[in-house]
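Below is one structure, written out as structure tokens; the observations come after it.
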Amino acid sequence: MAAVNGEVSFWYAADGVPEEGPALPGGRDVDVCIVGGGYTGLWTAYYLKKADPSLRIAVLEQRFCGYGASGRNGGWLYNGFAGRGAFAKRYGRQRAAAMQRMMDAAVGEVVDVAAAEGIEADIVRGGVLEVARSKPQLERLREHVEGERAYGEGRFELLGEKETRDRIDVAGTIGGCWTRYGARIQPAKLARGLARTVRELGVDVYEGTTVTAILPGDGHRKPRAVTPHGTVTADQVLRATEGFTAGLRGEKRTWLPMNSAMVATEPLPAEFWAETGWQGRQVLGDFAHAYMYAQRTADDRIALGGRGVPYRFGSRTDSDGSTQVETVRQLRRILDSFFPDAAHARIDHAWAGVLGVPRDWCATVELDRVSGLGWAGGYVGSGVTTTNLAGRTLRDLVLDRDTELTRLPWVGHTVRRWEPEPLRWLGVHAMYAAYHAADRQEAAGRATTSPIARVADVVAGR
């Protein structure tokens with residue numbers, strides 16, 4: 001089992017979990033109030049303050065900046081985003097392609113801003129390598145690469161077995177694909193660096209400040225964020241709470257807080273990396289239905305994640321990143337299967353976090369000028385880069401700019417709410433049980449994608 005379970009995440013292990021900064025000292029009136037001190041809130045504050053230094057901006061965070069998914073994720077700075085296929089069907093391929101181009105560019109935007117602001121986040125632009133370890137996975141991988149061609153030639157490379165294993169020698173690999181639009185990062189370092197940067201720009205960041213309700217404006221009163229320390233009124237109040245959204249009054253069924261868990265090994269010796277060939281620091285994924293994601297950390301560990309227990313009844317969230325023993329065992333089995341030479345490596349840390357999942361699995365950005373309320377999120381685990389695009393989009397919406405960003409298909413996209421309990425608990429657990437069953441069938445030798453997974457996709461609305 002893991003030496004440490006929880007304590008927010010491994011990404012804070014070296015320097016310790018940050019102490020909370022000053023809380024909101026009382027009621028305030030500002031131009032823009034941002035609820036949530038993760039990537040979405042911090043990027044939004046950053047771009048707004050850069051665009052208009054005179055803006056009075058307050059960020060309200062219930063614990064410390066980077067406490068949620070921004071400080072717990074797998075460190076994949078890549079160009080995927082939630083909802084592209086749905087956007088193409090509903091709004092047309094051209095608009096979906098415009099958003100994909102923006103996402104491709106956003107990878108470089110994050111890298112460039114980090115360099116310009118002196119944020120050291122262990123960034124290496126090694127791209128994204130995804131592997132197939134069964135015939136059905138290889139079929140899905142090839143379909144994926146073919147589908148990507150509709151969004152621009154040369155963005156993805158289809159690799160044979162040897163080409164894939166020459167890059168990272170994952171046991172059982174029979175093919176793979178690679179894209180340059182990806183980088184390895186240390187996520188908590190990025191969050192802490194962004195928090196420092198926005199404070200230096202003059203943004204007021206209040207930590208240890210739980211927002212219990214976000215109330216709309218009504219023509220007589222401005223929108224406001226209610227906390228035990230006082231109420232913040234603003235011209236616009238922006239919700240950037242992702243997987244913790246269900247904790248706000250009236251938002252229980254807006255986005256489902258999906259659990260994702262990770263483990264980090266002890267530092268592995270040079271011989272392991274020489275044998276594995278994982279020299280480019282690519283981030284690594286696969287084409288299983290219950291997929292995994294991994295990176296080689298700056299101090300030569302494997303940090304590997306997957307779904308574990310996908311959802312807690314009543315949209316409850318974890319306690320400071322602690323995860324279940326069975327989830328750790330599950331991730332251990334994946335690690336040993338992918339890298340048998342690491343089978344005796346110690347697991348130093350295990351942790352979990354929640355990501356926001358809309359009912360149609362599509363991320364959204366919105367600003368309602370009547371109520372003065374806005375939001376961004378529902379990234380379904382692809383938020384490291386998407387949050388940057390969201391922050392720039394919210395900037396343009398707040399400043400009432402008509403730009404290419406504000407015309408992207410996720411702006412104003414409407415999503416129906418999740419079912420009440422116990423239906424959503426039953427539905428999510430049944431869905432992931434089906435995906436795991438499909439993966440077992442395919443690992444046992446099935447030649448094509450399991451019909452169980454296809455039914456689960458339909459039921460999930462993916």
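The values are calculated or read from the model by the stated rules, or taken from the named source; none is laboratory data. The model shown is predicted, which means the values in this text are computed figures rather than measured ones. For neighbour counting, all protein chains shown are included, and Cβ atoms are generated from backbone atoms with ideal geometry for every residue, glycine included. The area values use the complete protein model at the heavy-atom level, side chains included, leaving out ligands, DNA and RNA. Shrake-Rupley method; radii C 1.70, N 1.55, O 1.52, S 1.80 Å.
Output the residues belonging to segment 437-451 that are open to solvent by less than 50 Å² (accessible area, probe 1.4 Å) and either in a loop (DSSP other than H, G, I, E, B) or closer than 23 Å to residue 316 by Cα (or both).
Once the filter is applied, which keeps residues that are open to solvent by less than 50 Å² (accessible area, probe 1.4 Å) and either in a loop (DSSP other than H, G, I, E, B) or closer than 23 Å to residue 316 by Cα (or both), segment 437-451 yields 449, 450.
For segment 313-334, give me each residue that is in a loop (DSSP other than H, G, I, E, B) and either among the hydroxyl-bearing types (Ser, Thr, Tyr) or open to solvent by less than 40 Å² (accessible area, probe 1.4 Å) (or both). Before you say what the answer is, go through the steps one by one.
Of segment 313-334, the ones in a loop (DSSP other than H, G, I, E, B) are 316-324.
The answer is 317, 318, 319, 321, 322, 323.
Within segment 138-157, the residues that satisfy the criterion of being in a helix (DSSP H, G or I), in contact (Cβ under 8 Å) with a residue 12 or more places away in the chain and either open to solvent by 20 Å² or more (accessible area, probe 1.4 Å) or of a type in the set (Gly, Ala, Ser) (or both) are 138, 139, 140, 142, 144.
For segment 343-353, the set of residues classified as touching a helix residue (DSSP H, G or I) at 6+ places or on another chain (Cβ under 8 Å) and surrounded by fewer than 19 Cβ atoms within 10 Å (Cβ to Cβ) consists of 343, 348, listed by residue number.
Of all residues in segment 149-164, none satisfies being closer than 24 Å to residue 387 by Cα and among the acidic types (Asp, Glu).
Here is a check on your reading of the model: is residue 116 at pLDDT 95 or above, surrounded by fewer than 17 Cβ atoms within 10 Å (Cβ to Cβ), over 24 Å from residue 279 (Cβ atoms) and among the hydrophobic types (A, V, I, L, M, F, W, C)?
In short, yes.
Within segment 15-47, the set of residues being hydrophobic (A, V, I, L, M, F, W, C) and more than 22 Å from the chain's Cα centre (by Cα) comprises 23, 24, 30, 32, 33. Reported count of residues in segment 197-245, each being buried (at least 18 other Cβ atoms within 10 Å of the Cβ), more than 25 Å from the chain's Cα centre (by Cα) and over 20 Å from residue 63 (Cα atoms), is 6.
Exactly one residue out of 374, 391 is over 19 Å from the mean Cα position of the chain (by Cα) and either at pLDDT 95 or above or in a strand (DSSP E or B) (or both), and it is 374.
Exactly one residue among 382, 371, 450 is small (Gly, Ala, Ser) and closer than 17 Å to residue 251 by Cα, and that residue is 371. I'd like to check something: does segment 397-406 contain any residue that is of a type in the set (Lys, Arg) and touching a residue at least 60 places away in the same chain (Cβ under 8 Å)? Within segment 397-406 (the criterion being of a type in the set (Lys, Arg) and touching a residue at least 60 places away in the same chain (Cβ under 8 Å)), the answer is no, since none of the residues qualifies.
Exactly one residue among 412, 374, 383, 356 is surrounded by fewer than 19 Cβ atoms within 10 Å (Cβ to Cβ) and small (Gly, Ala, Ser), and that residue is 412. Of the residues 101, 133, 84, 90, the single one that is basic (Lys, Arg), under 30 Å from residue 445 (Cα atoms) and either free of Cβ contacts under 8 Å to residues at least 12 places away in the same chain or out of contact with any Cys (no Cβ under 7 Å at 6 or more places or on another chain) (or both) is 133. For the criterion of being of a type outside the set (A, V, I, L, M), in contact (Cβ under 8 Å) with a residue 12 or more places away in the chain and not in a strand (DSSP E or B), residue 348 fails. When segment 60-89 is filtered for residues that are within 17 Å of residue 382 (Cα to Cα) and open to solvent by 20 Å² or more (accessible area, probe 1.4 Å), the ones remaining, listed by number, are 69, 73, 76, 78, 81, 84, 85, 86.
Residue pairs whose Cβ atoms lie under 9 Å apart, separated by 6 or more positions or on different chains, with the first residue in segment 241-259 and touching a residue at least 24 places away in the same chain (Cβ under 8 Å) and the second in a strand (DSSP E or B) and of a type in the set (Asp, Glu), do not occur. Hey, can you tell me all the residues within segment 99-121 that are under 18 Å from the mean Cα position of the chain (by Cα), under 23 Å from residue 201 (Cα atoms) and of a type outside the set (A, V, I, L, M)? Of everything in segment 99-121, those that are under 18 Å from the mean Cα position of the chain (by Cα), under 23 Å from residue 201 (Cα atoms) and of a type outside the set (A, V, I, L, M) turn out to be 108, 109. The test for being outside any loop (DSSP other than H, G, I, E, B), open to solvent by 10 Å² or more (accessible area, probe 1.4 Å), of a type in the set (Gly, Ala, Ser) and farther than 29 Å from residue 348 by Cβ holds for residue 98.
Could you please find all residues in segment 158-183 being closer than 30 Å to residue 40 by Cα, open to solvent by less than 10 Å² (accessible area, probe 1.4 Å) and of a type outside the set (A, V, I, L, M)?
177, 179, 182
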